[in-house]
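The values are calculated or read from the model by the stated rules, or taken from the named source; none is laboratory data. These figures come from a predicted structure and were not determined experimentally. Methodologically, a virtual Cβ is constructed for each residue, glycine included, from the backbone with ideal geometry; neighbour enumeration extends over all protein chains shown.
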Amino acid sequence: MEDWRDRTIKLIGKEQVYILNNSNIIVFGVGGVGGFAIEGLVRAGIGNFTIVDNDVVSLTNINRQIIATCSTIGKDKTEVMKQRILDINPNAKVNAIKEFVTPYNIDKFNLKQFDFIVDAIDNITAKIALAKYAEDNGINIISCMGTGNKVCPEMFEISDIYKTSVCPLAKVMRRELKERGVKHLTVLYSKEQPFADNSSRTPASISFSPSIAGLRIAEYVIKQIIMQNNE
């Protein structure tokens with residue numbers, strides 16, 4: 001009987017696909033980066049998701065977010081993403097939570113149950129809280145730094161936060177995490193100087209930068225899960 005994962009099985013084998021199917025991932029932020037990260041994860045065979053976002057799809061999301069179309073404007077991002085996951089893999093288990101994570105509600109997500117945390121949010125306070133919680137409790141995490149005002153996605157790198165440079169968000173995170181005693185955080189960031197001279201608080205964006213960042217995060221998570229289960 002044909003399996004939609006046949007080509008993945010040919011590449012990495014049945015045992016690895018079984019591991020992915022039984023892995024449990026939580027993704028904070030279902031935007032340009034988070035949406036494509038989820039896309040890469042579910043199509044690779046991850047079978048269990050919790051997706052967290054308090055926002056709805058807006059017109060200005062269409063240029064870069066995989067769930068954003070004219071027909072989804074105004075709908076909850078988590079519900080649209082949940083339906084997309086189930087359209088790809090009807091056997092997936094998806095818990096959609098319409099909420100923003102904060103330092104004050106982080107315990108309610110029961111993060112210790114997850115194999116990986118994907119942080120694709122843009123709130124610095126929440127990002128710091130996730131990083132601190134993950135390190136204190138030995139949970140795998142990857143955090144996305146800034147992808148706005150970027151047009152050279154080939155410059156995205158995955159590194160430790162303390163080895164980053166150029167990225168303004170990473171600079172703030174380094175300082176804040178150091179003050180809190182966080183010694184390590186895996187991040188995706190870019191050394192590219194901002195392409196747009198944008199004085200607005202809302203960063204400029206284009207279709208291919210957040211999407212490639214999200215897929216690189218998916219790649220990292222998948223490879224880490226497989227590697228850690230084969231040790």
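Note on region 34-63: among residues that are in a helix (DSSP H, G or I) and among the polar types (S, T, N, Q), the one that is farthest from the chain's Cα centre (by Cα) is Thr60.
Here region 93-107 is the region considered, the condition is being without any contact (Cβ under 8 Å) to a residue 24 or more places away in the chain and in a loop (DSSP other than H, G, I, E, B), and the residue that is farthest from Ser211 (Cα to Cα) is Tyr104. Considering only residues that are of a type outside the set (A, V, I, L, M, F, W, C) and out of contact with any Gly (no Cβ under 8 Å at 6 or more places or on another chain), look in region 61-78 and name the one that is surrounded by the most Cβ atoms within 10 Å (Cβ to Cβ). It comes out as Thr78. In region 194-217, what count of residues is obtained for those that are surrounded by fewer than 17 Cβ atoms within 10 Å (Cβ to Cβ), among the hydroxyl-bearing types (Ser, Thr, Tyr) and modelled with pLDDT of 95 or more? The total comes to 1. Just so you know, in region 108-129 the residues that are of a type in the set (A, V, I, L, M) and either in a strand (DSSP E or B) or touching a helix residue (DSSP H, G or I) at 6+ places or on another chain (Cβ under 7 Å) (or both) include one that is surrounded by the fewest Cβ atoms within 10 Å (Cβ to Cβ), and it is Ile124. Among the residues in region 91-105, are any closer than 27 Å to Thr202 by Cβ, of a type in the set (D, E, K, R) and surrounded by fewer than 18 Cβ atoms within 10 Å (Cβ to Cβ)? Within region 91-105, one or more residues are closer than 27 Å to Thr202 by Cβ, of a type in the set (D, E, K, R) and surrounded by fewer than 18 Cβ atoms within 10 Å (Cβ to Cβ). Residues of region 34-60 that are surrounded by 22 or more Cβ atoms within 10 Å (Cβ to Cβ) and closer than 26 Å to Val151 by Cβ: Gly34, Gly35, Phe36, Ala37, Ile38, Leu41, Asp53, Val57. Reported count of residues in region 2-33, each being surrounded by fewer than 20 Cβ atoms within 10 Å (Cβ to Cβ), at negative phi and either assigned to a loop (DSSP other than H, G, I, E, B) or in contact with a His (Cβ under 7 Å, 6 or more places away or on another chain) (or both), is 5. Quick one: what pairs do we get from region 37-57, first residue under 18 Å from Ala213 (Cα atoms), second among the polar types (S, T, N, Q) and part of a loop (DSSP other than H, G, I, E, B), C-beta under 9 Å, 6+ apart or different chains? Note: pairs meeting the criteria are Leu41/Ser23; Val42/Asn89; Arg43/Asn89. Of the listed requirements (1) over 30 Å from Lys183 (Cβ atoms); (2) under 16 Å from the mean Cα position of the chain (by Cα), Leu111 misses just one: (1). Is it the case that region 217-229 has a residue that's within 19 Å of Ile117 (Cα to Cα), in contact with a His (Cβ under 8 Å, 6 or more places away or on another chain) and aliphatic (A, V, I, L, M)? No; the residues of region 217-229 include none that is within 19 Å of Ile117 (Cα to Cα), in contact with a His (Cβ under 8 Å, 6 or more places away or on another chain) and aliphatic (A, V, I, L, M). Listed residues Ile85, Ile124; which is within 18 Å of Ala170 (Cα to Cα) and not acidic (Asp, Glu)? So the residue among Ile85, Ile124 that is within 18 Å of Ala170 (Cα to Cα) and not acidic (Asp, Glu) is Ile124.
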